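**Q** Take this structure, written in structure tokens, and hold onto it; I'll ask about it next.
The values are calculated or read from the model by the stated rules, or taken from the named source; none is laboratory data. Quick caveat: nothing in here was measured; it's all calculated off a predicted structure. Here the Cβ positions follow ideal geometry from the backbone for every residue, glycine too, while neighbour counts run over all protein chains shown. Keep in mind that these areas ignore ligands, DNA and RNA; they rest on the heavy atoms of the full protein, side chains included. Shrake-Rupley method; radii C 1.70, N 1.55, O 1.52, S 1.80 Å.
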Amino acid sequence: MDSIVKLLQRHQGFFDKISKNMYLVAIKDGFISNMPIILFSSLFLLISTLPAYVGITLPQEALDFCNKVYAYTMGVFGIMVAGQTANSLATSMNRRMPAGKAINPSSTMIAAMCGMLLLSVTNSVVAVDGVDTSVFDTGFMGSRGVVSSLISAFIIVNVYKFCILHNVTIRMPKEVPGTIAQSFRDIFAFGFSIIICAAIDFVCRATIATPFANLVSTLMSPLFSAVDSYAGMAFISGAVALFQFMGIHGASVVMTPLNAALYGNPTINLEVFQAGGHPTLALTQDFTSFISGLGGSGATFVVPIILMLLMHSKQLRAMGKASVIPTIFGVNEPVIFGMPIVLNPYMFVPFLLAPMANAVIGKAFIDFLGMNAPIYTLPWALPGPVGIFLTTNMQAISLLLVVVLLAVDFVIYYPFCKAYDLSLIAEEETGAEGESIEPVVDTKAIADKMKSTGEQIKVLVLCQGAGTSAMLANALREGAAAEGIDLVSNSGAYGSHYEIMSKYNVIVLAPQARTYYEDMKADTDRLGIKLLTTRGKQYIDLTNDPKGAINWILDELNKDK
């Protein structure tokens, strides 16, 4: 196992580069920015569908209201993804543009949304009450059109980049206000982008009599079908865990290219279910969140329970108690970095094997035992057992799946946890001690100085999904309140921070977001913001020690003085 871990460490730089690829980052940002649409619309979908299966009949007016909200939120999801993906990609490209040249992210966002409509939507004329009326076929405006959304975003941003680098623009006199001049500078780039998207769709319709979005969906179908197999689901589940084992956010690398299916397949499953059929597409966000990733990457739901109740070393018992609640809600970084699991030879096999086993078992329940594949997209932070029960439309057999998964994961993890426990007991008996966070600054003196000057520390903590970052933000607030430090702290997901980062004077990257440090540094240096990053165990220690967390922030700030 040691040799495998050393091999992974030698190639960690390569995997870091993959995770930082600006196109993957843009796709991830495009979906993260639109998560409120998914979560909010899913709530109304649950309200409209679940009561009927427990014998409650809602008034038709209530059903129409819920369906309308869903249709005008999730129904335009693809358009919104196009805009936010283009915005993120343009922002990333601007870091690599020559001095004095920059892409306008807002303009690319608008152009990408228009391009997505051209690539995805069919406009036709129908007779309504004897009057010819122009109507949209909205089938690909939602999650089904996500692939077209991404293609539109990539085309638009690269066309803008070409036009700006080659000065294909309209230059206005210096007396013209900046906002008006910017609009004229973007005319050629916007126009060329739209013409390209329209031409692509026109060629598809003229040659094969189908919209571009439908063509893409057909071409991608074999790939998604292959991934939706037993081998495919096991492979992507193990790949996510492998990246996470190296301290890299695996879902950002492995799942991002599959987002079109992950968010589109639940819609297909729901349509099949509502038509009286059996939904079978396992490649969904909820499957990866609640079944193959029960308790987070590596299927670690049972790990804190094993540590807390069955291990004897002080370190593991303490880590079990500290991480059990977050892990239940899918935030397993405390156990991943605190145990640690990351680059721990003892944990390599179970961390990869458990999610792969869960994926195979979950798919077998769908294929052979009649369990519904996920028909909703629920908040990933729901406890796994609750998520499984709800997303399968409260089938009793889903509860059996929960029991089976927990039992299998326990059998996989326990022997390796026990072996690691014995090694730690031996270290503790010889007096080996872990790291501790010691106060390094006079917090009272700093608090008094800040009160006299009116200075305030404003901290933004970023991780991949805004779950782990909230833990440190909370610890900082608690520590600041106890020490009398004027500090405000908030948490967020990397990629959703661009519009708000200027409001803070300190930004902290959680361990799974540390690969973005160099890209982030260019922005923070320009804005005069202190950028900090942490390693795994250090970060978890800080989240569990509010006083140590505030001391750490103050010490880092004092280094610049």
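**Q** Please compare each pair in Lys17/Lys101; Lys418/Lys458; Lys321/Lys547; Lys20/Lys321 to a cut-off of 31 Å on the Cα-Cα distance and tell me which ones are over it.
**A** Lys418/Lys458; Lys20/Lys321
**Q** Convert each backbone phi in the stretch 230-238 into a coupling constant with the Karplus relation 6.51 cos²θ - 1.76 cosθ + 1.60 (shift: θ = phi - 60°), then list the ³J(HN,Hα) values in order as whole Hz, x for Gly and Pro.
**A** 4, 5, x, 5, 5, 5, 5, 5, x
**Q** How high is the relative contact order of the chain? Use alpha-carbon pairs under 8 Å, at least six apart in sequence, and give a whole percent.
**A** Computed value for the chain: 13 percent relative contact order.
**Q** Non-local amide H neighbours of Ser491 (under 5 Å, H modeled in plane, Pro and chain starts lacking H): which ones?
**A** It is Val461, by chain and number.
**Q** For the chain, what is the accessible area per residue in Å² when the probe is 1.4 Å?
**A** Value returned for the chain: 43 Å² of accessible area per residue.
**Q** Once Rg and Dmax of the Cα atoms in Å is worked out from the coordinates, which option in (1) 22.9, 63; (2) 22.6, 77; (3) 25.5, 90 does it equal?
**A** (3)
**Q** Using amide H atoms built in the peptide plane, which far-off residues or other-chain residues are under 5 Å from Leu532 H to H?
**A** Amide H neighbours of Leu532: Ile507, Val508, Leu509.
**Q** What nm value, rounded to one decimal, do you get for the distance between Ser106 and Gln60 when each label is placed 7 Å out toward the C-beta?
**A** Between Ser106 and Gln60, the simple spin-label model gives 4.6 nm.
**Q** For the pairs Lys161/Lys537; Lys314/Lys530; Lys28/Lys503; Lys161/Lys503, note any where the Cα-Cα span goes beyond 31 Å.
**A** Lys161/Lys537; Lys314/Lys530
**Q** Same structure again: Normalised by the residues of the stretch 266-363, what does the relative contact order come to in percent, with Cα pairs under 8 Å and at least six apart?
**A** Values: 112 pairs, mean separation 26.7, N = 98.
This gives 27 percent for the stretch 266-363.
**Q** For n ≥ 4 DSSP H runs only, could you compute -39500 (n - 2.57) per run for the chain, divide by its residues and tell me the 222 nm figure to the nearest 500? Mind showing how you got there, number by number?
**A** Numbers: 25 runs with 344 residues, N = 561.
Theoretical 222 nm ellipticity from helices: -19500 deg cm²/dmol.
**Q** On the protein heavy atoms, probe 1.4 angstrom, tell me the percent of accessible surface of the stretch 517-561 carried by carbon and sulfur. List each step's numbers first, then the result.
**A** Values: 940 of 2090 Å².
That share works out to 45 percent.
**Q** Give me the distance between the Cα centres of the stretch 348-405 and the stretch 72-115, rounded to whole Å.
**A** 35 Å
**Q** Something else: What full-extension length gain, to one decimal in nm, is calculated for Asn558 and Ala318 as 0.36 nm per residue of separation minus the Cα-Cα distance?
**A** 83.2 nm
**Q** If I compute solvent accessible area with a 1.4 Å probe over the protein chains, what percent of it on the stretch 179-254 is carbon and sulfur?
**A** So the carbon and sulfur contribution to the accessible surface is 78 percent.
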